[in-house]
Amino acid sequence: MLALTSAHHYLLRKSPTDMRKGFDSLCGLVRDELGRDPLSGEVFVFIGSRRDRIKLLLYESGGYVLWYKRLERGTLELPKGDGAVKLSWGCKLPQDQVCGIVEPQNQPELWDNEKEQMDGSADRGDAARA
């Protein structure tokens, strides 16, 4: 079971990560690029190139835990540059930037369009069944 607390140390890889990578490939990135031990108990944070996907890798007693999330809207705001950044529980980044979700601006609301399409097709389906 994944239990994240303020007692964990978090390390963000700032370079975009291929979200198809699994346990072994992510452990390779931790060892080779971050110079850390994936068995250390630290939580390693990986962000996809579109910044709408995030993976957390953690070793707990008994094995690795991999947590994966895809944002439905917006993107994750990240610090500039390559390498890694240590994060605190409050997800504070250097220069007091807060890690979070940035909503897209001046873009149509996709949810409403999809809902209208679904409502319209549902009505046609009901009429066809009647």
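Every number in this text was worked out from the coordinates using simple rules, so none of it is lab data. Because the structure is predicted, anything quoted here is derived from the model rather than measured. Using ideal geometry, Cβ is built from the backbone for each residue, glycine included, and neighbour counts are taken over all protein chains shown.
Points worth noting:
- Tabulated pairs, region 34-55, first without any contact (Cβ under 8 Å) to a residue 24 or more places away in the chain, second surrounded by 16 or more Cβ atoms within 10 Å (Cβ to Cβ) and small (Gly, Ala, Ser), C-beta under 8 angstrom, 6+ apart or interchain: 54/48
- Considering 40, 15, 49, the condition of being surrounded by fewer than 12 Cβ atoms within 10 Å (Cβ to Cβ) and polar (S, T, N, Q) is satisfied by 49 alone.
- Residue 68 passes every criterion in (1) farther than 19 Å from residue 24 by Cα; (2) within 8 Å of the chain's Cα centre (by Cα) apart from (1).
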